[in-house]
């Protein structure tokens, strides 16, 4: 029974960080920048997340760690929505995750890979970013932009209720956001606020033989997570290069198993940076990274990534 219990506990340890890595309270500069309408963007990227896992003090676990490698494909299209520029985007990830922890000085680990949960995002500017053709956009200068978006994440990713470390989350997620972007040429300051809401996972974990209730199915619910982001973006106009200093704070997200008491309330802060530069008229590269500044739950983890973007259409 002890080995089975350890498997359960190690799964909980690894799971503490996996949802953060997969959905991330990701830092996204220039989310509401004006873009010419009728354009298409195809993206391919790679992310790497590594860190320690913070667990409930009642679990006798030490040295909890997790690594996540993720590749992803994305597509976005810009269009006119009520006279303002808007964008519809979709992202499909694939991940490789490894988690480990020790119990009574005995190491335990798990490897898993598979398709991640797909996300579709609709964003529109509400003020200050009129829908413009590529030709008209040449004369546009940003001042104040107000925008909003909503993301929906569908549970299509790899999931096995016999284990607690999975790539997918087996639940729906919804994330409305509102943001403001102000230009002080060549510096742009952005702030945004969002809330993430989750459906329950009624197939969270099935107890294996050796636990008190073999075959019993457990459910998991999570409270909403509120988040705020801030970005300071500097553009080198003649080169097309831009870089940003990124900050995010998120709180909430307490979890419940089978309707029990709430645990694992989050209150975390992250700091990051982004650098983007063009390769030619149609291609560009973006490099980004972030690290935890303060954590209440979820442990300390670092993340880096790179993305290649190809654009076409809209008279380009």
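Bear in mind these aren't lab numbers, they're just calculated from the coordinates by the rules spelled out. What you see is a predicted model, and the numbers here were worked out from it, not measured in a lab. Neighbour counts run over all protein chains shown; Cβ positions are idealised from the backbone, glycine included.
What the table shows:
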| item | result |
| --- | --- |
| Rg/Rg_globular for the range 137-202, with Rg_globular taken as 2.2 N^0.38 Å and Rg from C-alpha atoms | 1.71 |
| Global geometry of the range 108-247, whether rounded, prolate or oblate, following the gyration tensor of its Cα atoms and the 1.5 cut on a/c | prolate |
| Ranked 257, 37, criterion: other C-beta atoms within 10 Å, fewest first | 257, 37 |
| Fewest-first ranking of 35, 291, using other Cβ atoms within 10 Å as the exposure measure | 291, 35 |
| Difference of contour (0.36 nm per residue) and Cα-Cα distance, residue 249 to residue 218 | 8.1 nm |
| Length gained when the stretch residue 281-residue 160 is fully extended (0.36 nm per residue, less Cα-Cα span) | 39.2 nm |
| Whether the range 160-316 is rounded, prolate or oblate, judged on the alpha carbon gyration tensor where a/c under 1.5 counts as rounded | prolate |
| Rounded FRET efficiency, nearest 0.05, which uses the C-beta distance separating residue 135 from residue 293 and R0 of 51 Å | 0.70 |
| Cα gyration tensor shape of the range 227-275, rounded if a/c is under 1.5, else prolate or oblate by comparing a/b with b/c | prolate |
| Percentage relative contact order, the range 185-316, counting C-alpha pairs under 8 Å, at least six apart | 17 |
